[in-house]
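Below is one structure, written out as structure tokens, with a few remarks after it.
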Amino acid sequence: MCKKTTHIRELGASLTTKKTTRLKMPRKRPRIIVNDDRREKAAAAEKEMIKTSLIIVLSLVTNLLLFFNISFQTLIPTTMLIMVFLLSPFIGFVILKIKKISKPTLYSFAFSPLTLNTILLINYVFSFNPQKETYFLRQNTQRVYNRIDGYKPSTQTTTGVTLQDYAYDKYYGIRIFMDNESIKGRQITYTFKTGIFGIRVMTDYEFKAST
């Protein structure tokens, strides 16, 4: 009987030891799942930034090319032309804001001038009824001060001209040229056409020696 009791006690102690040992075993750490939302958001933001940069650069280059090659050759007074182009982004911003279009600042400053340039481009391309006008010209000069010569004033020619009787004095775009070498002769013959929107454009010019 004594042996049996001792055996039961040993068995109970053994079970208690196993239970205690099992409880003291370290638990496995839960597997950490990496959340890729931040990476996806960062990649999306980077793509959006690249897209925005491309829109700004392409619109800027396109607008400058169209403005100086087409809009500047359109017979709209230069002061008025510049004012319209400067105000167009703000007008476009207000319109896009009212219509609740996303990114109104970007699209207004990129596409409002482009819209004006496109209208003037269509007017220029679809023009008709060519007319030639010839004028005597005088090359413009400006006074400059050279630091090397002790700021003594000197006169140098510019790439702009003044036409006979100050013709087209308000239209600076048709009276300025790439460089001084482009201005050859004392007369210039312009070719003007009437655009599809009724706005006259200068499509060609030719310098001639005075006769």
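Please treat every number below as a calculation from the coordinates, not as lab data. Just so it is clear, the model here is predicted, and its values are computed rather than measured.
Here are the numbers for the structure shown:
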| item | result |
| --- | --- |
| Cα coordinate range in region 34-115, projected on the principal axes (Å, largest first) | 64, 28, 14 |
| Violating pairs (Cα-Cα greater than 20 angstrom) within the set Lys41/Lys103; Lys51/Lys99; Lys47/Lys103 | Lys51/Lys99 |
| D (Stokes-Einstein, µm²/s), Kirkwood Cα radius, region 128-208, 0.692 mPa s at 37 °C | 229 µm²/s |
